[in-house]
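The values are calculated or read from the model by the stated rules, or taken from the named source; none is laboratory data. Everything numeric here is computed off the predicted structure, so don't read it as measured data. Because the Cβ atoms are built from the backbone with ideal geometry, glycine has one as well, and the counts that use them run over all protein chains shown. Ligands, DNA and RNA are stripped out before the accessible areas are found, and what is left, the full protein with its side chains, is counted by its heavy atoms. Shrake-Rupley method; radii C 1.70, N 1.55, O 1.52, S 1.80 Å.
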Amino acid sequence: MIDLSVKDLVKSFDADDNILDGLTFDVQAGERVGIMGRNGAGKTTLFRILTGEIGYDSGEVIFAPGKKVGLISQIPKYPAGYTVEQVLRTAFAGLEKLKRQLSELEARMGAHPSREVLTQYDALMDRFTTGGGYETEVDLQKVVNGLNIPPEMRQREFTMLSGGEKTRVNLARLLLEKTDILLLDEPTNHLDMKSVEWLEEYILRFKGTVLTISHDRYFLDRIVQRIVELRGGKAEFYTGNYSAYVVEKQARFDLQLKQYEQEQAKLKQLGYTVERMKGWGINNRSLYRRAMSIQHRMERIEKTERPVTEKQLKLRFEEKDFFGDEVFTIRDLGKSFEDKTLFDHVELEVKGGERIALLGDNGTGKSTFLKILLGETLADHGKIKFGPTVKTAYLPQIIHFDHPERTLYDTMLYEKNCTPQVARDRLGAFLFQGEDVFKTVANLSGGEQSRLRLCMLMDEKINLLILDEPTNHLDIASREWIEAAVEDYEGTLLFVSHDRYFVDRFATRIWVLEDGTIKDYPCGYEKYRSILAHEAEKPKAAPVKAEKKEKAKTKGGDKALEKKLRAVERDIEKQEALVAEFEPQIEAAASDYQELTRLLAEKEAAEAQLEALMEQWEQLSLELEA
């Protein structure tokens, strides 16, 4: 069954240029499709058309009847003073309306019961139950916990949130609405790694249809089953995830180039033959006619267009020779802000050539840690000792230029103190060519500013490169440019990134900043993930078996805590039995609306109590392990 059909779609913002020019594709129910294309290819325009935000010039957009469509980037306007909690609960507006209608019918049935009212009540109750009316609180908690929306944030006014926080709340609201077709426009922006991983698991379990625009290649690898690339206003199709798309795209390029070269060789040979036969046919009309026939055949040949390669950066870091093993050593490092400890008693040692990814949730202090290393911020206590030949270069998360009013050309001349020809050559190597070099720095995009800063760093002889979110908010092409620069760099690399594709590609060692310390994992990203998965399985052991394990592990430990844990385990068993008893009672009361309503409400309360007990058991287990 087709959930979405787009046929011959045309959209123009300029009379002379169609951004979408006969775009045609179908999406099957339950498919997860990635929408790819260069900046300006029309991806966001397509999404705005699909949601009805803007119109189109011609063509058709057809959704399957009754399917509800939601777009994350569309943030509705809410009444003044609306809190995040109220915004989240707008997702349940339809269920709340059904609940009110059920209450009104219950009152009518109590006073004057009738078959018509009972039939209406049964129909509404079916809609309420199948729509998740009894799971709203559980669903709300799962989503806000997964997307890291804490209780404090839920009490704040929505209008007071940052742009990233609003996007996160809007994503939560959209997921709670149980939308049939999700349109995700850069859904991983403003999410930390844990939230992104939670979102991936949610989408993998989601039974509806998903279309996503994303520059997060790791996310695309895990989520999508098919790629639709917008190119020249039309669609090109690729089966599989992002990695499969890259391989297939290269294979198509190679095939097209081969066909083009073969055609050009054939045409060249035919052209040579025509010219010779024309010369010979001056006094021979038969030869001349054959020459003209070959020429007409050449004109009718359907010529393959020469494939265009993306311009590549011609770059390499100038590396300073490194002598000795030690790049830097950290002893007892600590930093706090007011009453919040970012990290304390950090002990680390870095050797030459290591590639280290510093990971952690937003707000844990990763950027602060880098600034302490760079001497831009003072630690509360501790010591950092660098090797005698260490030379550092730093690419910050927020690129800043002292004179953004200057052109790129002038910026290179003044800040790098180089000759005009050298400035031109370096800018050209970073694809700033022709008139581009006379743009002002202030008018560059985020990706272009990162590229310019990299251009300025390249000629510095360094052996320690520090990057803070180097690929944040960049398109895939810009990310690949930065990766090309890092690829051949052989010095020591330390970087903060939420881009798991970048982390997986470069990290040989993982530092995780959490709970006020930095945990050191001497391995790459995939190995680190497998370690976390193994650790996560430990608390999942059945509560009944946990008692014996705890006895063996905590000899002489906190006996009061052990006793409390065992008591909670007994309460969990009792509560599980209580919840199970509701099923036959609910089935037996299917025709008694009053009894059914009472039982469903009691079951919901019992399940909530069971969940609270499980959380309590988990917390106690963690305390005993500590």
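So here's what we get for this one:
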| quantity | calculated |
| --- | --- |
| Count of segment 82-92 residues which are open to solvent by less than 60 Å² (accessible area, probe 1.4 Å) and either at pLDDT below 90 or part of a helix (DSSP H, G or I) (or both) | 7 |
| Positions within segment 471-492 being of a type in the set (S, T, N, Q), open to solvent by 10 Å² or more (accessible area, probe 1.4 Å) and not in a helix (DSSP H, G or I), in sequence order | Asn472 |
| Any pair with Cβ under 9 angstrom, 6 or more apart, that starts in segment 518-544 at a residue that is farther than 17 Å from Glu623 by Cα and at pLDDT 80 or above and ends at one that is acidic (Asp, Glu) and surrounded by fewer than 11 Cβ atoms within 10 Å (Cβ to Cβ) | none |
| Residue match in segment 433-444 (condition: in contact with a strand residue (DSSP E or B) (Cβ under 9 Å, 6 or more places away or on another chain) and surrounded by 17 or more Cβ atoms within 10 Å (Cβ to Cβ)) | yes |
| In segment 277-291, the residues that are assigned to a helix (DSSP H, G or I) and either touching a Gly at 6+ places or on another chain (Cβ under 7 Å) or open to solvent by less than 100 Å² (accessible area, probe 1.4 Å) (or both) | Met277, Lys278, Gly279, Gly281, Ser286, Leu287, Tyr288, Ala291 |
| Qualifying residue in segment 140-159 (condition: in contact with a His (Cβ under 9 Å, 6 or more places away or on another chain), farther than 28 Å from Ala601 by Cα and either open to solvent by less than 50 Å² (accessible area, probe 1.4 Å) or not hydroxyl-bearing (Ser, Thr, Tyr) (or both)) | no |
| Within segment 370-405, tally of residues that are β-branched (Val, Ile, Thr) and modelled with pLDDT of 90 or more | 5 |
| Qualifying residue in segment 262-276 (condition: among the aliphatic types (A, V, I, L, M), surrounded by 12 or more Cβ atoms within 10 Å (Cβ to Cβ) and either touching a His at 6+ places or on another chain (Cβ under 6 Å) or without any contact (Cβ under 8 Å) to a residue 24 or more places away in the chain (or both)) | no |
| Condition met for Asp221 (under 22 Å from Glu526 (Cβ atoms), in contact with a Phe, Trp or Tyr (Cβ under 6 Å, 6 or more places away or on another chain) and open to solvent by 10 Å² or more (accessible area, probe 1.4 Å)) | yes |
| Meets criteria (open to solvent by less than 50 Å² (accessible area, probe 1.4 Å), part of a helix (DSSP H, G or I) and acidic (Asp, Glu)) for Glu415 | no |
| Whichever residue in segment 23-66 is farther than 13 Å from Leu211 by Cα, within 21 Å of the chain's Cα centre (by Cα) and small (Gly, Ala, Ser) and, among such residues, is modelled with the lowest pLDDT | Gly40 |
| Selection status of Val117, modelled with pLDDT of 90 or more, out of contact with any Asp or Glu (no Cβ under 8 Å at 6 or more places or on another chain) and among the β-branched types (Val, Ile, Thr) | no |
| Residue list for segment 160-177, restricted to those being without any contact (Cβ under 8 Å) to a residue 60 or more places away in the chain and surrounded by fewer than 21 Cβ atoms within 10 Å (Cβ to Cβ) | Met160, Ser162, Gly163, Gly164, Glu165 |
| Ala507 farther than 30 Å from Trp198 by Cβ and either among the charged types (D, E, K, R) or touching a Lys or Arg at 6+ places or on another chain (Cβ under 8 Å) (or both) | no |
| Flag for Ile54 being assigned to a loop (DSSP other than H, G, I, E, B) and either more than 30 Å from Glu200 (Cβ to Cβ) or open to solvent by less than 50 Å² (accessible area, probe 1.4 Å) (or both) | yes |
| One residue from Ile372, Ile356 being more than 29 Å from Asn39 (Cβ to Cβ), part of a strand (DSSP E or B) and of a type in the set (A, V, I, L, M, F, W, C) | Ile356 |
| Out of Ile384, Ile399, sole residue that is over 28 Å from Arg479 (Cα atoms) and surrounded by 13 or more Cβ atoms within 10 Å (Cβ to Cβ) | Ile384 |
| Test: Arg453 is open to solvent by 30 Å² or more (accessible area, probe 1.4 Å), in contact with a strand residue (DSSP E or B) (Cβ under 9 Å, 6 or more places away or on another chain), within 19 Å of Leu373 (Cβ to Cβ) and among the basic types (Lys, Arg) | yes |
| Among residues of segment 420-432, those that are in a helix (DSSP H, G or I), buried (at least 19 other Cβ atoms within 10 Å of the Cβ) and of a type in the set (A, V, I, L, M, F, W, C), counted | 2 |
| Residue check, Tyr78 outside any strand (DSSP E or B), aromatic (Phe, Trp, Tyr), touching a helix residue (DSSP H, G or I) at 6+ places or on another chain (Cβ under 7 Å) and in contact (Cβ under 8 Å) with a residue 60 or more places away in the chain | yes |
| Enumerated helices (runs of 4 or more DSSP H) restricted to segment 150-245, each holding at least 2 residues that are closer than 30 Å to Phe128 by Cα | 151-154, 163-176, 193-205 |
| Qualifying residues in segment 57-75 (those that are in contact with a helix residue (DSSP H, G or I) (Cβ under 8 Å, 6 or more places away or on another chain) and among the aliphatic types (A, V, I, L, M)) - the one most open to solvent (accessible area, probe 1.4 Å) | Ile75 |
| Checklist (1) in a strand (DSSP E or B); (2) in contact (Cβ under 8 Å) with a residue 40 or more places away in the chain; (3) more than 15 Å from Leu467 (Cα to Cα) applied to Asp321, failing item | (1) |
| In segment 104-117, the residues that are assigned to a helix (DSSP H, G or I) and out of contact with any Phe, Trp or Tyr (no Cβ under 7 Å at 6 or more places or on another chain) | Glu104, Glu106, Ala107, Arg108, Gly110, Ala111, Arg115, Glu116, Val117 |
| Qualifying residue in segment 399-419 (condition: within 30 Å of Leu333 (Cα to Cα) and free of Cβ contacts under 8 Å to residues at least 60 places away in the same chain) | yes |
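Per-residue answers, yes or no, for (1) modelled with pLDDT of 70 or more; (2) open to solvent by less than 70 Å² (accessible area, probe 1.4 Å); (3) more than 28 Å from Ser103 (Cβ to Cβ):
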| site | (1), (2), (3) |
| --- | --- |
| Lys559 | no, no, yes |
| Lys564 | yes, no, yes |
| Ala567 | yes, yes, yes |
| Ile572 | yes, yes, yes |
| Ala580 | yes, yes, yes |
| Glu602 | yes, no, no |
| Leu610 | yes, yes, no |
| Leu613 | yes, yes, yes |
